[in-house]
Structures are given as C-alpha cells and as structure tokens.
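Beneath this line is the structure, given in structure tokens, with notes to follow.
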Amino acid sequence: MKIEVPYGDGTMAADVPDWRVRGVLRAGSGKKWLKPKDERSEEEIVKGALKQPIGSLRLRELAAGKRRVTIITSDHTRPMPSGVTMPLLLEEVRRGAPNAEITILIATGLHRAMTKEEILLRFGEDIFRNERIIVHDCHDESTMRKIGILPSGGELILSKYALETDLLVSEGFIEPHFFAGFSGGRKSVLPGVAGYNCVVANHCSDFIADPHAASGVLEGNPVHRDMVYAAEQAGLAFILNVILGEGRVITDAVAGEPGAAHAEGCRRLMEKAAVPRVRAPVVITSNGGYPLDQNLYQLVKCMDTAERCCTKGGTIIAVGECRDGVGGEEFFRDFAKGGSPAELMELFLSREQSQTKADQWQSQILARIMRDYRVIVVAPLIEEEVRSMGLGFAPDLEKALEMADSIGPDEGIVFIPDGPGIVIVD
C-alpha cells in the first residue's frame, strides 16, 4: 500500500505492507456519509448562508445606519478562503451602509504579523489596494483596551479596533481544535484580537490540563468559556464561518448570531469529523499540508490527534514541511534547555495563571506527548532544531518508518493524513 502524506504544497510517500495498516482515519470515514454532494460553487454556498442567517437579521440589516464596521479575519496560519468570503461580506455590509468606514482586522493572536505578500495572496489585489487592513499586534499597548475580567480571573484586554466600532463582524472557519474544542466563532476575538496578558491567562496550564479542554469538546471547557465571554463583551454581532473539505475548498457555511451559528457549524462538522478510535503502536500523521504545517509549533496539533490512537510507549511520526521554522521562540527554548518531558510538565503545572509564559500551552501538550510516546518528526528543513528539542528526526517517511521499526519491527500502523481535521471518538 502506498501512503501519501500531505507535505507543504505537495505530498510525501512511502510503501507499507497492506497487512500492517490497521486504519486510515479521515473526515467522513467514521460512518457512511449519506448527505448528497453539494453541487453549488463556493461562492453560492457562502451566499446561501448569508441569505439565511441563524438567529440573526441579515448582515445588511444589521449594518444599516452604521458609520464604522470592523470585520475580523484569520491570519496566515489558517487556510481561510478570504478571497471568496471577504468580497461577499464587504458587499453585504455596503448594501446596508454604503458609506460606512470598514476596517479589516487580521486576528494574529500571538503569532507574527502577516507580510504584505501574504495579505495580497490571501485577499487579492482589489481588497489589498482599496480596503483599510490592520494587522493585530498583541504587544502594542497603545492599541489595547482593558474592558473587564474573564471568568477565569484573567484580564480581558482587546484591540481598540474591535471595540471602537458600531458593528463587529468576524469571518473564520470551523475545524476541531486540540484545546478550545473547535476553531471559529468566538475564537476570532480571544485569542484573535486580544492582548498578550489576556491570551496567556486563557491558555494557563490548569486549563490545558483540564480533560474538557480537548478536541471536539465545548461543554465544560474552561478555555471555551473564557472565549465566549470575551466575544460577548466585545459585542461580536455576526459571524460567517465556513467548513472546508478536501483541497481546502468550502463545503458548507454558517452565518448569523455568533453563539447559535457557531454551534450549528460545529454540529455539522462533527457529522464528518468524528472518527472511531483505532489503536496501533505506530501512528503516521500530518497537519494536512500548507499552511497548517508551516512550522513545528503548529505540528503539535496533529501529534495530539495521533496520541489518541497510539498505544502507550508507541511511536508517533509527524510529517510537516515547516518552511517557517519552529514557529515559537519560547516553545523552542523550553525543550532546547535539555529538561526531560516529565520535568517540563512539572514546571508548567506549578505555574500560576498570572505566571503563564508565551507558548507554554504548546510546550505543555508536546511534553505530555513526548513523556508517553516516541515522537519522530519528518521535517528536512529544520533538522538541527528538531534534534535540539530532543525529538526524533527523519529526512523522509521511509526513514521514519525504519526508525520506528527498530523499536518494534512489523507493528501495526494507523494513518491519519490530516490530524487537526478529525475528532477521535469511542
């Protein structure tokens, strides 16, 4: 059996004996998918959602009479098809408020700023040249406003561009998220356009360790609870969220009141994303290619999914191009300092919420995985960094399998080509 793993803009392949493959886990593979294929174009799908918003008036009606409108959108780390969605949102707003001053606010969270080239590629020439686009900077205190306290006790600090507006709208896409439950909806506000201290408080070690802070889980999730509160306090009035299928194309969309629309989007996604658990001593996974595999920091997401299918002490093989390097300085330093995964976990769990460090949440999850499993990273562009962090390194998938087999030859394999895209269920 030839398995192809998404890698950057292409794939990486390896031959595996058929009898070793215990399962290939993909969205839609959990049960027979009876819904007929949607023959509408991506644009038609989005227009349909905007015409029939959930729990809300149409966006054009909400925009009527508004002088200032802010639309929050995703940054370069997310495969958001803004070239399709943003023109339709702008058109809808201007139907209701032709003369409104519209600001497109790029939700970077704690990520680096988008480059001009990335913004142009995301939105296209017309929007890039003619619209007011602001890239959020969580460290720029001059653009931040403290507006309250989160349910968790952390300070609620948000971008003034999200607050000083007459109508706040967001676009995003919904996929499983390894500690927020799902992306999309309220997540555009926190962490999207929140201040640094606000984000780290929400991502504290106690929350990350909470069993409810898991992929596909919203009920009882403390991370989600803070995020919902932040979106409500910001006055987020309307969302457009899409669901992406194979090839990162829009297969579904929801729009309307943030809570109701996001909940419906999550329900629809779970119909395809929920996949029954299959265990094996070796799990091969990836982030589904670019842009989600652009750095090692993001690659922890697919490892988290793989962990749920790997037998204790087994091997997780994570494939990612990592063209943007490691992706987090503190994330790299946590492991490069040489402490064991168990020691790192003890350190993170000892920190109070107010002591949370940058990237700690990603480090905490990776340390948990490394403590219980052997992790081999296939990322030829960052060999030195991978080795420095105490992770196994392989230049290609064939070599990674050889390394795994040196521990337990001819063991069963589970293959998860898009780890962040599914939710493992029992």
In the chain, if the dipole is taken from +1 on Lys/Arg beta carbons and -1 on Asp/Glu beta carbons about the Cα centre, which of Ser215, Pro151, Gln353 is farthest to the positive end?
Pro151
Just going by the charge dipole of the chain, with Lys and Arg at +1 and Asp and Glu at -1 on Cβ, which of Ile422, His76, Leu163 is farthest out on the positive end?
Leu163
Roughly how big is region 42-271's charge dipole about its Cα centre, with Cβ charges of +1 (Lys, Arg) and -1 (Asp, Glu), in debye to the nearest 20?
480 debye
Using Cα positions and a limit of under 12 Å, work out the aspartates and glutamates in reach of Lys357, with same-chain residues fewer than 8 apart set aside.
Glu329, Glu330, Asp334
For Val278, Val5, order by how many other beta-carbon atoms lie within 10 Å, fewest first:
Val278, Val5
Rounded to 5, percent antiparallel among DSSP beta bridges of the chain
30 percent
What size of dipole, in debye to the nearest 20, comes out for the chain about its Cα centre when the only charges are +1 on Lys and Arg C-beta atoms and -1 on Asp and Glu C-beta atoms?
1060 debye
Whole-number percent relative contact order across region 42-271, with pairs defined as alpha carbons under 8 Å at least 6 apart:
25 percent
Which of Glu257, Glu321, Glu383 comes first, and how do the rest follow, when ranked by fewest Cβ neighbours within 10 Å?
Glu383, Glu257, Glu321
Please rank Ser215, Ser41, fewest neighbouring Cβ atoms within 10 Å first, as an exposure proxy.
Ser41, Ser215
Could you give me the ³J(HN,Hα) list for region 143-159, computed from phi with Karplus coefficients 6.51, -1.76, 1.60 and θ = phi - 60°, whole Hz, x at Gly and Pro?
9, 9, 9, 8, 10, x, 10, 6, x, 6, x, x, 6, 8, 10, 10, 4
Which value, in debye to the nearest 20, gives the size of the charge dipole of region 20-110 about its Cα centre, when Lys and Arg are +1 and Asp and Glu are -1 at the Cβ?
540 debye
Restricting to bridges with both residues inside region 61-196, how much of the DSSP beta-bridge set is antiparallel, in percent to the nearest 5?
35 percent
Subtracting the Cα-Cα distance of Arg94 and Ala209 from 0.36 nm times their residue separation yields 37.0 nm
Amide H of Ala214: which non-local residues (sequence gap of 5 or more, or other chain) have their own amide H closer than 5 Å, using H built in the peptide plane?
Gly181
7 Å from Cα along Cα→Cβ at both Arg277 and Glu4: what's the point-to-point distance in nm?
3.2 nm
Which of Ile316, Ile147, Ile71 moves the most in a Gaussian network model of the chain with Cα springs under 10 Å?
Ile147
For Phe238, the residues 5 or more places away or on another chain with a placed amide H closer than 5 Å to its own amide H are Ser170
Most mobile of Pro81, Pro17, Pro291 in a GNM of the chain (Cα contacts under 10 Å)
Pro17
Under the Karplus curve 6.51 cos²θ - 1.76 cosθ + 1.60, θ = phi - 60°, whole-Hz ³J(HN,Hα) for region 124-136, x wherever Gly or Pro sits:
x, 4, 4, 5, 4, 7, 10, 10, 7, 10, 10, 9, 4
Helix-only CD estimate at 222 nm, as mean residue ellipticity for the chain, using -39500 (n - 2.57) per DSSP H run (n ≥ 4):
-10000 deg cm²/dmol
Projected onto the charge dipole of the chain (unit charges on the beta-carbon of Lys, Arg, Asp and Glu, signs +1, +1, -1, -1), the Cα from Leu391, Ala234, Ile369 with the largest positive-side position is that of Ala234
Pull up all non-local amide H partners of Val375: gap of 5 or more, or a different chain, and H-to-H distance under 5 Å with H placed in the peptide plane.
Ile316, Gly392
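Read-outs: derived from the displayed coordinates by stated rules, not from any lab. Just so we're clear, the structure is a prediction, and the values are computed from it rather than from any experiment. Methodologically, a virtual Cβ is constructed for each residue, glycine included, from the backbone with ideal geometry; neighbour enumeration extends over all protein chains shown.
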